[in-house]
Structure formats: structure tokens, C-alpha cells
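Asks: Structure provided below as C-alpha cells; questions to follow.
The values are calculated or read from the model by the stated rules, or taken from the named source; none is laboratory data. Bear in mind the structure is a predicted one, so any value in this text is a computation, not a measurement. Cβ placement follows ideal geometry from the backbone for every residue including glycine, while neighbour counts extend to all protein chains displayed. Please note that ligands, DNA and RNA were not included when accessible areas were found on the heavy atoms of the full protein model with its side chains. Shrake-Rupley method; radii C 1.70, N 1.55, O 1.52, S 1.80 Å.
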Amino acid sequence: MKTSKAFFLFGYALFMAVFAGIFSLVWYHWPLPAPDIFYRPWQLSVILVVVFGVSFLVSFSRREKAGSPSLNRYLAGSAVRAAGVLAVVLPVAYLCLETKQQRVALVLCVLFFYLLSMMYYLVWSVWAARKNERPG
């Protein structure tokens, strides 16, 4: 399982690095002036990848007999994701950003990162479950 965790986290970091590069290029070459989100696109990418990576590391379930410990680990990962997202969005939105457009842009960027991260986690989980079902 340890190798599987490392492989997952490496794949996740690689997947998000590619997305962060694309996100940064699109942001800087946007034809209209992009709204200020306080963070630079690459900074926001790094912060969120670290937050979500830690939450995935916490939420990986161990092979245990009872279902409760797995649920507790999943909920702990969800709590880390929620706390990380709130720490990224709330202080900046209320203390540093002046317009509603800037706040909405920040929330949409964070939401998109969250959706991509959870999509990767879901695909990985389905792939790992299918791999474990195969005989041999």
C-alpha cells in the first residue's frame, strides 16, 4: 500500500503540475485583463496541490477489518480539504480583495482545482478497486 500511496501522490503531483502550467499560461495570456485573485496562478496551484495532497494522504484507508476506521480516515481527509480551502479563500477574500468579481474569480479558481483533484482521486480509487478485484 505504501508504494501505491507514493505512486498516487506522484501521479497527482504530475497531473496537477501540467494543469497548473496550463492554468498559468491561460491566465497570463487572457485577452481581457484577468481579475485579481491576490495569488499568482502558480502560487495558488502550489498551495492547493499541497493542501489536497496532504488531505489525500490522510484519507487513504488502511486494510482494516472494520469499516469505521476507513470512514474516519475519509472524514479526516475531508476535514483537511475543507480547512485548507477555507484558509486559502476566506482571509484573502475578506481582507485583500476589494470587489465581488475578484472574490468570485478566486472561489471559481479554487473550486476548479478542487473538482480536478477529486476527479483524479475518484479515477484512482476506481482503478485501484478494479485492480484489486482481478484474480491473480
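Asks: Every residue in the range 26-35 that is within 20 Å of Cys96 (Cα to Cα) and within 21 Å of the chain's Cα centre (by Cα), please.
Replies: Trp27
Asks: Further question: Say we look at the range 58-76 and pick out the residues that are part of a helix (DSSP H, G or I) and open to solvent by 80 Å² or more (accessible area, probe 1.4 Å); which of these is modelled with the lowest pLDDT?
Replies: Taking the candidates together, the pick is Leu71.
Asks: Restricting to the range 104-136, name every residue that is open to solvent by less than 80 Å² (accessible area, probe 1.4 Å) and either acidic (Asp, Glu) or touching a Pro at 6+ places or on another chain (Cβ under 9 Å) (or both).
Replies: Val104, Ala105, Leu106, Cys109
Asks: If Ala34 satisfies every condition in (1) at pLDDT below 85; (2) hydrophobic (A, V, I, L, M, F, W, C); (3) within 19 Å of Ala6 (Cα to Cα); (4) surrounded by 12 or more Cβ atoms within 10 Å (Cβ to Cβ) but one, which is the exception?
Replies: Going through (1) at pLDDT below 85; (2) hydrophobic (A, V, I, L, M, F, W, C); (3) within 19 Å of Ala6 (Cα to Cα); (4) surrounded by 12 or more Cβ atoms within 10 Å (Cβ to Cβ) one by one, Ala34 breaks only (3).
Asks: Would you check if there is a residue in the range 32-40 being part of a loop (DSSP other than H, G, I, E, B) and among the small types (Gly, Ala, Ser)?
Replies: Yes, because at least one residue in the range 32-40 is part of a loop (DSSP other than H, G, I, E, B) and among the small types (Gly, Ala, Ser).
Asks: When you look at Leu115, is it out of contact with any helix residue (DSSP H, G or I) (no Cβ under 9 Å at 6 or more places or on another chain), among the aliphatic types (A, V, I, L, M) and under 16 Å from Leu57 (Cα atoms), yes or no?
Replies: It is false that Leu115 is out of contact with any helix residue (DSSP H, G or I) (no Cβ under 9 Å at 6 or more places or on another chain), among the aliphatic types (A, V, I, L, M) and under 16 Å from Leu57 (Cα atoms).
Asks: Further question on the same structure: Has the range 9-18 got at least one residue that is at pLDDT 85 or above, of a type in the set (A, V, I, L, M, F, W, C) and surrounded by 19 or more Cβ atoms within 10 Å (Cβ to Cβ)?
Replies: Checking the range 9-18: at least one residue is at pLDDT 85 or above, of a type in the set (A, V, I, L, M, F, W, C) and surrounded by 19 or more Cβ atoms within 10 Å (Cβ to Cβ).
Asks: Something else: Which ones in the range 77-103 are open to solvent by 50 Å² or more (accessible area, probe 1.4 Å) and either touching a residue at least 60 places away in the same chain (Cβ under 8 Å) or outside any helix (DSSP H, G or I) (or both)?
Replies: Cys96, Glu98, Thr99, Gln101
Asks: Another question, if that's okay. On the given criteria, is Ala20 small (Gly, Ala, Ser), out of contact with any Cys (no Cβ under 9 Å at 6 or more places or on another chain) and part of a loop (DSSP other than H, G, I, E, B)?
Replies: No: the conditions fail for Ala20.
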